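Down below is the structure, laid out as structure tokens.
The values are calculated or read from the model by the stated rules, or taken from the named source; none is laboratory data. This is a predicted model, so every value here is computed, not measured. FYI the Cβ positions are ideal-geometry reconstructions off the backbone, even for glycines, and counts take in every protein chain you see.
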Amino acid sequence: MLISQMTLAEKIQQLRQVFKISKEVREALPPGDNSPIPDIDSLVATGAVGSVILVTDTTAEADRIQHVAVESSRLHVPLLIGADVLHGFDTIFPVPIGLAASWDLSLVQHAQAVAASEARAGGVNWTFAPMVDIARDPRWGRIVEGAGEDPYLGASMARVQVRGFQGGQAVDGDQRIDVNHVLASLKHFAGYGASEGGRDYDSVNLSEEALRNTILPPFLAGVRAGVGTVMSGYMVLNGVPASGNRWLLQDVLRAEWGFRGLVVSDNGAVGNMVAQGFARDDADADLRGFMAGVDMAMGPADRSPYGTLAGSIRPGWVSNDDVNAAVSRVLQAKLRLGLFEHPYIDETQAKRDLAARPEHRALALRAAEESAVLLKNAGGILPLRPAAYRRVAVIGPFGDSRQNTRGPWLFPRNNGEAVTVFEGLRNTFGSRARVRFLPGVQALRIPASPFEFLSKAKSAGLWDAARARQEMRDALALARESDLVVLVLGEDRYMIGEFASRSSLDLPGGQQKLLEQVASLHKPTVLVLLNGRPLNIAWANEHLPAILEAWYPGCEGGNAIANLLLGVAVPAGKLPFTWPRDVGQVPMYYDHTLPQDPINVSARYWDANSSALFPFGHGLSYSTFDMTNLRLSASRINEGGSVDVSADVENTGNLAADEVVQLYIHQRYGSAARPVRELKGFQRIALIPHEKTTVHFRLDAQALRYWSAAAHGWVNDASTFDIWIGPDSNASLHAELTVET
Ligand code: BGC
């Protein structure tokens with residue numbers, strides 16, 4: 001037994017994870033962080049850390065550090081090498097919110113399996129993904145990393161992503177992870193997405209009812225799918241920091257859910273408990289993080305994660321057994337990965353992986369096509385008839401931007417290939433039209449820090465008023481000369497993600513003005529959005545005929561968007577969140593409870609419409625679908641019983657297309673007031689013109705149960721349930737189900 005050969009110091013060293021940042025990467029990062037690069041090699045060589053987070057460029061570098069660990073440390077223990085592989089490693093897929101918008105579970109599983117195989121071939125054996133935080137406030141930039149607002153969709157996405165990353169249908173948390181897969185990590189446990197005001201890292205106050213019914217289901221689904229690790233969050237949850245929260249980490253995660261894997265803290269989250277006014281000093285923070293259930297502390301090397309833990313091992317404090325339990329979870333993770341037998345990069349696999357790249361890109365193309373959501377298409381402008389346009393203008397700061405086609409959370413190695421919208425349209429139109437591009441407004445540069453964006457940009461000379469006016473004039477001239485305008489607007493990828501909250505959802509950086517000026521030319525104009533949160537597009541929705549939400553679509557984004565605009569592919573993505581009209585409405589989500597005056601639901605502000613701009617689950621097609629004949633296998637069941645719900649779906653249009661059939665329920669009365677609608681099933685199906693099929697869903701006690709504040713526990717009420725099936729959360733095909741005691 002390895003553990004019995006370890007000294008206490010060596011055991012604690014296994015519980016530490018530090019960043020391994022290469023010099024090249026540090027130089028490429030935005031200015032501001034001038035701290036010296038710590039000498040990770042000597043930490044690894046002396047066995048002083050159990051894991052590193054790889055922020056480096058090359059596979060060779062990952063392999064080298066593993067060689068140092070295995071060859072130089074006393075017990076030759078390999079490293080867990082972690083990285084944030086959220087939407088691809090070499091081959092970049094749409095950002096997670098986009099993958100969720102595909103509502104295609106097998107696609108998402110497959111995409112993450114590809115990401116895992118590339119990451120493993122590149123020396124990474126642990127991804128800090130999936131991010132399964134429910135996000136209901138789009139001011140919070142990390143909405144882009146998750147699956148949106150809904151616990152059912154979120155749980156479904158969590159499950160398949162864990163399977164994709166780790167391989168197989170594993171339900172047993174001890175199952176081996178082969179050389180094509182990596183350990184996954186559910187993050188950020190738990191509630192991080194509900195930060196007040198949408199301000200990243202701010203406090204979270206959530207009732208147990210909200211936690212149990214809304215926030216925790218994706219985590220539980222991931223645990224049930226056999227996830228190897230869970231990452232504890234940064235923020236203070238209901239007064240107790242998530243990384244020092246015994247209730248979350250012990251009572252819920254371990255005792256209730258039976259999680260046997262490894263808990264890692266977010267970056268510096270244990271030490272941060274001092275700053276949060278919870279721990280007295282670093283030693284107190286280490287002690288309280290560890291006792292709460294954080295096995296491994298992540299942090300910058302200079303902050304020495306778990307650097308003081310050894311001092312807390314004494315009678316009445318941390319016991320040797322506690323340390324052994326945490327260390328054995330770290331070693332178990334390394335065992336699951338087979339690292340003791342095969343610590344190094346398998347060159348044959350790396351080569352095979354490179355050979356498979358065309359397939360990976362083909363999947364990235366499909367993923368980008370499937371994730372796009374057609375928000376509006378009036379007058380049938382889409383799909384574009386290529387013969388109708390000879391001069392096409394692609395206008396907007398993101399029309400020819402590789403960076404913003406790929407999106408956030410990338411590695412320096414991903415700075416290569418990505419097809420922009422301009423390139424995609426040029427390829428697809430070919431000789432049929434002249435496709436030209438102009439940005440119209442200055443491309444938004446990396447803000448030194450988000451809140452100082454404009455002032456910094458101005459003082460750094462990045463903002464040049466004369467140039468801005470000229471760029472606008474040039475773009476309008478191009479639009480005037482063209483007979484089709486594809487406007488590509490959105491948010492720079494540095495304005496979204498971590499530490500990128502916004503107080504406004506307006507199109508940033510002069511884009512609204514560009515939009516209005518282009519629209520005033522009355523040319524056929526299509527708006528394509530590259531972004532990760534719902535932006536304020538109420539004006540565009542009123543004045544433009546067509547809007548395609550393309551997210552940050554990944555390396556094949558431009559080709560996918562061109563295929564969608566020209567009808568080579570038919571859009572079928574659906575919104576994984578409710579799209580507000582205005583920032584003043586947020587947080588906004590479809591599964592709210594009913595007010596006492598349900599009739600006037602869209603008139604709850606005196607100064608604005610209070611309904612959504614687009615409902616949760618919304619997304620149009622170029623074809624049309626009829627949903628009819630909703631039936632239940634029984635109209636009355638007993639508590640604990642189940643029922644088959646089915647409906648006929650027919651493609652009544654002229655194009656082969658996919659549709660996402662959605663099932664919603666509402667419990668009319670019970671021990672607590674239940675949401676007006678709750679998603680309880682969905683299926684993405686493909687139908688050729690005039691093809692008809694029957695879609696079945698099963699509703700059982702598990703689906704109908706909920707955590708009741710009144711009962712302080714899980715309940716199944718005898719009640720009447722409304723059941724709807726339809727193409728979005730406004731589904732109208734209705735039936736009634738009675739559940740009896
Ligand atoms: C983020 C995590 C991420 C970690 C390591 C943190 O700041 O919150 O999501 O996994 O950094 O990069």
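A few comments on the model shown:
- Within the stretch 72-96, restricting attention to residues that are part of a loop (DSSP other than H, G, I, E, B) and within 16 Å of the ligand (Cβ to nearest atom), the residue that is surrounded by the fewest Cβ atoms within 10 Å (Cβ to Cβ) is Asp84.
- In summary, Ala115 fulfils each of the numbered conditions (1) assigned to a loop (DSSP other than H, G, I, E, B); (2) within 16 Å of the ligand (Cβ to nearest atom); (3) at negative phi with the single exception of condition (1).
- The residues listed here are Ser642, Ser646, Ser635; of these, the one that is under 30 Å from Ala569 (Cα atoms) and either surrounded by fewer than 21 Cβ atoms within 10 Å (Cβ to Cβ) or at pLDDT 95 or above (or both) is Ser646.
- Of the residues Leu527, Leu548, the single one that is touching a strand residue (DSSP E or B) at 6+ places or on another chain (Cβ under 8 Å), closer than 15 Å to Glu491 by Cβ and outside any helix (DSSP H, G or I) is Leu527.
- Within the stretch 610-642, the residues that satisfy the criterion of being over 29 Å from the mean Cα position of the chain (by Cα) and either part of a loop (DSSP other than H, G, I, E, B) or aliphatic (A, V, I, L, M) (or both) are Thr624, Met627, Leu630, Leu632, Ser633, Ala634, Ser635, Ile637, Glu639, Gly640, Gly641, Ser642.
- Contacts under 8 angstrom Cβ, first residue in the stretch 231-252 being of a type in the set (Phe, Trp, Tyr), partner more than 16 Å from the ligand (Cβ to nearest atom), 6 or more apart: Trp247/Val240
- Single match in Asp150, Asp133 (criterion: crowded, with 22+ Cβ neighbours inside 10 Å and within 16 Å of the ligand (Cβ to nearest atom)): Asp133
- In the stretch 136-147, the residues that are within 13 Å of the ligand (Cβ to nearest atom) and under 14 Å from Arg502 (Cα atoms): Trp140, Gly141, Arg142, Val144
- Some residue of the stretch 153-172 being over 21 Å from Val264 (Cα atoms) and within 15 Å of the ligand (Cβ to nearest atom): no
Matching residues to (1) within 16 Å of the ligand (Cβ to nearest atom); (2) in a loop (DSSP other than H, G, I, E, B); (3) in contact with a Lys or Arg (Cβ under 9 Å, 6 or more places away or on another chain):
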site	(1), (2), (3)
Asp202	yes, yes, no
Leu206	no, yes, no
Ala210	no, no, no
Thr214	no, no, yes
Val223	no, no, no
Val227	yes, yes, no
Asp251	no, no, no
Ala255	no, no, no
Phe290	no, no, no
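- Selection count, the stretch 186-200, where residues are away from the ligand (no atom under 13 Å from the Cβ) and buried (at least 22 other Cβ atoms within 10 Å of the Cβ): 4
- Condition met for Asp282 (of a type outside the set (A, V, I, L, M, F, W, C), within 16 Å of the ligand (Cβ to nearest atom) and at pLDDT 95 or above): no
- Exclusive hit being over 25 Å from Thr624 (Cα atoms), surrounded by 20 or more Cβ atoms within 10 Å (Cβ to Cβ) and within 23 Å of the chain's Cα centre (by Cα), set Asp591, Asp582: Asp591
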